[in-house]
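**Q** First the structure, which I've put down as C-alpha cells, then a few questions once you've had a look.
The values are calculated or read from the model by the stated rules, or taken from the named source; none is laboratory data. Keep in mind that what you see is a predicted model, and the values were worked out from it rather than measured. Every residue, glycine among them, receives a Cβ derived from its backbone with ideal geometry; neighbour counts consider all protein chains shown.
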Amino acid sequence: MRKILFVELVGIALALALLGWPGIVQGQGHMAFGIGPAKADPDNPETFAYFVHALSPGSTVADEARVQNGSDVPIVLKMYAADAQTSIGGGPGFAHEGQELNGGRHWISLSVAEVSLGPGEERIVPFTIDVPPDASPGEHTTGLVVEGAPSEEIPVGAQAPSSGEDGAAFAVRVVNRAAVAVLIDVPGTRVAALEITSVCMKEQDDQGADFRVYVGNMGNIRVRGEGFLLIKDRKGTELASIPLQMGSILPRDTSYLNVHHPVNLADGNFVLSATLQYGATRGNEVGEAASIEDVDLEVKDGQPEIGCAAESRPPEPGLAPPITALTPADEEGGSSIGQYVAYAALFLALVLAIAIFARRLRKRRPSSP
C-alpha cells in the first residue's frame, strides 16, 4: 500500500518596506501578491511599512489595507488577522489562521475573508481596530495576512513507489503567505525590561559549536539590543567573546538567539556568561543591561553533557514556521536580507533531508522475487 506524506512549507514574505509594501511574496510559477497600508503619513516613515495607531482603551478606529496581485494570472486569497509572536533572534512573526497566541487578532475585524484579484489588480480592504476597555498600556502587535491556495504537491526524491507497492512517497505542498504588522500603542507608562533566562550549548560539529541565549521581554514595549557571549575555562581564562545581535522582542514574549562559535570546545568543564545592552525599538526608553553569569557547561565525547532545553513556545502545526513581515532597516536592526537567505537555506536543507530519508526507505524494502 502506498503512503504519501505531505510536508507543508510556508513561503516567507519578502518585505519591500521602502516602497510601502511590507509584505509581498513570490509564489509558484508567476504568482506574486502582497499586502500593505493603503495610505501613509509622510511625516511618519513607519506608516509606509506597517500600520501604526495610538489608541486608548475602549476606542475604535477604521483603516484600509491594499492587497495587490503582482502576477499575470488571477488569484484568490484568504485574508485574516493573526496573532503576533517573536521570531527566533527577534523581529515579528505571525501565527497561522485561527491559532491562538495572545489574542491580539480579536482586536481586528475585517470586512472580507477572501479577496479575488485579476492579473495586476489591487483592492482596498477596510478593517477596524477595537481596543478592549481593559487593554494594558504599551505596545500591542498583531497582523493582517493574505494566503494563497496550497500548490500542487511536488514529489521529493527519486521515483515514488508504483501503485499498490508498499512503501512511502514524499511530496511538498507550498503555502504562500504575506503579512503586514499592525502596531497599537496604548497610552500609559512604557517599560523596557529584558531578562536573559538561560544560556546553553546546543551541539557542536566539524563547523564549530552552537549556543543558544534565551531571552524574555518582561516590559510592555518592544526592545532590541546587542552584547556578547563569553566562554571561559574553570580557571577563569577567557576563551572566546562572541558578539550578540538581538532584533526586536515583542512585549510579554520570549525568544532565543542562535550563536555560533567556529571552534570546537574540547572535553572538559567551562563557564558561560551573556550580556545584552538593550533599549526601546521605537522611543527613547533604555533598560538596564540584562545578563546571566557563570553557567556551568560540561563537554563530554565532543558534545554538551546537558544540552539546551526545548523551545520556549509550542511548535507551529506541521513543519510550517510563523511567517515574518519585515519592518524598515532602521526599525529592526537592518538584518532583513540575511534572515531571508537563512530561510531559503533552511528550505533547501529540509527538502534535501526528506529526499535522503525517502531513498533510505526504498533501500530498506526487500527486493521483489
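**Q** Of the residues that sit in segment 66-109 and are charged (D, E, K, R) and closer than 11 Å to residue 141 by Cα, which one is nearest to the chain's Cα centre (by Cα)? Show your work before the answer.
**A** Of the residues in segment 66-109, the ones charged (D, E, K, R) are 66, 72, 78, 83, 97, 100, 105.
Okay, now just the ones that are also closer than 11 Å to residue 141 by Cα, so 83, 105.
On the way: 83: 12, 105: 17 Å.
The residue in question is 83.
**Q** Does residue 233 fit the bill of being surrounded by fewer than 15 Cβ atoms within 10 Å (Cβ to Cβ) and touching a residue at least 24 places away in the same chain (Cβ under 8 Å)? Quick ask: steps written out before the conclusion?
**A** Working: surrounded by fewer than 15 Cβ atoms within 10 Å (Cβ to Cβ): yes; touching a residue at least 24 places away in the same chain (Cβ under 8 Å): yes.
Judged against the criteria, residue 233 is a match.
**Q** Which residues, counting only those in segment 256-289, are small (Gly, Ala, Ser) and closer than 21 Å to residue 304 by Cβ? Break it down stepwise before answering.
**A** The first filter runs over segment 256-289 and keeps only residues small (Gly, Ala, Ser), leaving 266, 268, 273-274, 279-280, 283, 287, 289.
Hits for segment 256-289 are 266, 268, 273, 274.
**Q** Next up: Exactly one of these conditions fails for residue 279: (1) under 24 Å from residue 204 (Cα atoms); (2) at pLDDT 95 or above. Give me its number.
**A** Against the list (1) under 24 Å from residue 204 (Cα atoms); (2) at pLDDT 95 or above, residue 279 comes up short only on (1).
**Q** Turning to a different aspect of this structure: Of the numbered conditions (1) at pLDDT 95 or above; (2) among the β-branched types (Val, Ile, Thr); (3) loosely packed, with under 15 Cβ neighbours inside 10 Å, residue 249 fails exactly one; give the number of that condition.
**A** (3)
**Q** Exactly one condition in (1) over 20 Å from residue 307 (Cβ atoms); (2) part of a loop (DSSP other than H, G, I, E, B) is not met by residue 247; state its number.
**A** Condition (2) is where residue 247 drops out.
**Q** What is the residue count in segment 253-270 for residues that are surrounded by fewer than 16 Cβ atoms within 10 Å (Cβ to Cβ) and not polar (S, T, N, Q)?
**A** First, the residues of segment 253-270 that are surrounded by fewer than 16 Cβ atoms within 10 Å (Cβ to Cβ): 258, 260, 262-264, 266-269.
Filter again for not polar (S, T, N, Q), leaving 260, 262-263, 266-268.
Adding up the residues that qualify gives 6.
**Q** Taking the residues in segment 200-223 that are within 18 Å of residue 307 (Cα to Cα) and basic (Lys, Arg) as candidates, determine which candidate is surrounded by the fewest Cβ atoms within 10 Å (Cβ to Cβ).
**A** First, pick out the residues of segment 200-223 that are within 18 Å of residue 307 (Cα to Cα): 200-215.
The next check asks that each one be basic (Lys, Arg); those that pass are 202, 212.
Numbers: 202: 16, 212: 20.
Only one residue tops the list, namely 202.
**Q** Another question, if that's okay. Of the residues in segment 193-239, how many are over 30 Å from residue 35 (Cβ atoms) and either among the basic types (Lys, Arg) or outside any strand (DSSP E or B) (or both)?
**A** Residues that pass the stated criteria total 11.
**Q** Given the condition over 29 Å from residue 93 (Cα atoms), aromatic (Phe, Trp, Tyr) and not assigned by TED's automatic domain parsing to the domain that holds residue 91, answer yes or no: does some residue in segment 237-256 qualify? Steps first, please.
**A** Initially, segment 237-256 is screened for residues over 29 Å from residue 93 (Cα atoms), giving 237-241.
Filter once more, so that each one left must be aromatic (Phe, Trp, Tyr): none.
Taking every residue of segment 237-256 in turn, none turns out to be over 29 Å from residue 93 (Cα atoms), aromatic (Phe, Trp, Tyr) and not assigned by TED's automatic domain parsing to the domain that holds residue 91.
**Q** Quick check on my filter: what residues within segment 82-139 are in contact with a His (Cβ under 7 Å, 6 or more places away or on another chain) and more than 26 Å from residue 255 (Cα to Cα)?
**A** 129 - this is the single residue of segment 82-139 that is in contact with a His (Cβ under 7 Å, 6 or more places away or on another chain) and more than 26 Å from residue 255 (Cα to Cα).
**Q** Taking the criterion of being modelled with pLDDT of 95 or more and under 15 Å from residue 286 (Cβ atoms), would at least one residue in segment 197-215 satisfy it?
**A** no
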